[in-house]
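Beneath this line is the structure, given in structure tokens, with notes to follow.
The values are calculated or read from the model by the stated rules, or taken from the named source; none is laboratory data. These numbers come from a predicted model, not from an experiment. Every residue, glycine as well, gets a Cβ built from its backbone with ideal geometry; the counts of neighbours run over all protein chains shown.
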Amino acid sequence: MTSIRQVAVLGAGRMGKAIAIAFAYAGLKVALIDARQRTEAEFDQYQAQIQADLKQELQLLESIQFVQSEQTAFILGQIEILSKVGSIPALANCDLVLEGVPEVRQAKEEIFAWLDQYIAPACIVASTTSTFLVTDIAQMISHPERVVNAHWLNPAYLIPLVELSRSEQTSNEAVNTLKSFLHAIGKVPVVCNAKAGYIVPRIQALAMNEAARMVEEGVASAEDIDIAIRTGFGLRFSVLGLLEFIDWGGGDILYYASQYLEKELGDRYRTPEIIAENMRRQRNGLREKQGFYNYHDIDVMQYKLQVLRTFSDRIEKNDLKPKFNVTQS
């Protein structure tokens, strides 16, 4: 597989349009392909609607000064909206196709069977699906070694993260080529194996369900829960990753907190075996210079200063820094 130059997005729904904008913003020509068969008149109407949708999205980005008006014109000029039949010549030259059709097995199977006729064997095929494993997708198309799931977070043109999920059949070359490409266009790719929920959806589903459950149980109001998330949970984890934070505070603290919460609130708070094992091996984090990360070869004080400096900057930028008061009562 060579580097990625020619790209197509198959499916012009919300995610497909947003990914096309991200590619075009990075200076790429992108084919945005209608996944449905339409008459010429139907497609003309559909094409005009997609063009209007893209323009509306970009006007929103202009209003927050993420793009300028001249950049909007450039981006629109980079996106070619093609009919299903009209896309066949473009597909033959593609190095990467992103699939974004509805999350229905029959729809997926039909579009991949159709796509398989027109793309080169070396073309990387990446599904944006959130409900099918990459192992499922790989069964729908030939050359499973080039199949990856690429899960973008909404809005795709703003959020840097792209979660790549691979199967045992996916080649290292396909994964590394796609990672390098995403890095080059300003995205932040991470790789996970073929398990339900990727990384972020699996974690956020637990958090969102727990927040809803707290409203249901009368623990706090929706407003207060969301204030707590924005000014505590979210602020903290925009600086430290979850596993990094376990090391920062100490895995033993999480262990005892989990035991208490499991007793009070149920099995969903059961301590993972990896936390108990780290306790047994005295690998609780920064204090012992070993946890989920190894801290033996880093300057722990400098690391702490860097984290605290970033916290301070985020707090100031969000206008959350308390006022210093030297008056005496």
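What about Leu243, is it touching a strand residue (DSSP E or B) at 6+ places or on another chain (Cβ under 9 Å) and either surrounded by 15 or more Cβ atoms within 10 Å (Cβ to Cβ) or assigned to a helix (DSSP H, G or I) (or both)? When the stated conditions are applied, Leu243 does not pass them. The single residue among Glu173, Glu210 that is among the charged types (D, E, K, R), at pLDDT 95 or above, more than 18 Å from Leu242 (Cβ to Cβ) and surrounded by fewer than 17 Cβ atoms within 10 Å (Cβ to Cβ) turns out to be Glu173. Please go through region 90-113 and pick out each residue that is touching a strand residue (DSSP E or B) at 6+ places or on another chain (Cβ under 9 Å) and either surrounded by fewer than 18 Cβ atoms within 10 Å (Cβ to Cβ) or farther than 12 Å from Val9 by Cα (or both). Hits for region 90-113 are Lys108, Ile111, Phe112. Residue pairs whose Cβ atoms lie under 6 Å apart, separated by 6 or more positions or on different chains, with the first residue in region 197-212 and not assigned by TED's automatic domain parsing to the domain that holds Pro160 and the second in a helix (DSSP H, G or I) and surrounded by 12 or more Cβ atoms within 10 Å (Cβ to Cβ), are Ala211/Ile225. Just one of the numbered conditions (1) loosely packed, with under 13 Cβ neighbours inside 10 Å; (2) among the aromatic types (Phe, Trp, Tyr); (3) touching a residue at least 40 places away in the same chain (Cβ under 8 Å) is not true of Tyr260: (3). Residue check: Ile81 meets all listed conditions (1) in a loop (DSSP other than H, G, I, E, B); (2) surrounded by 15 or more Cβ atoms within 10 Å (Cβ to Cβ) but one, namely (1). Scanning region 7-35 for residues that are part of a loop (DSSP other than H, G, I, E, B) and either out of contact with any Asp or Glu (no Cβ under 9 Å at 6 or more places or on another chain) or not assigned by TED's automatic domain parsing to the domain that holds Ala107 (or both) yields Gly13, Ala26, Gly27, Leu28, Asp34.
This table checks each residue for (1) in contact with a Cys (Cβ under 9 Å, 6 or more places away or on another chain); (2) within 22 Å of Ile79 (Cα to Cα).
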{"residue": "Cys123", "(1), (2)": "yes, yes"}
{"residue": "Thr128", "(1), (2)": "no, yes"}
{"residue": "Tyr157", "(1), (2)": "no, yes"}
{"residue": "Val162", "(1), (2)": "no, yes"}
{"residue": "Ile185", "(1), (2)": "no, yes"}
{"residue": "Asn193", "(1), (2)": "no, no"}
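Among the residues here, Tyr46 does not qualify as in contact with a helix residue (DSSP H, G or I) (Cβ under 6 Å, 6 or more places away or on another chain) and surrounded by fewer than 18 Cβ atoms within 10 Å (Cβ to Cβ).
Within region 86-99, one or more residues are within 25 Å of the chain's Cα centre (by Cα) and charged (D, E, K, R).
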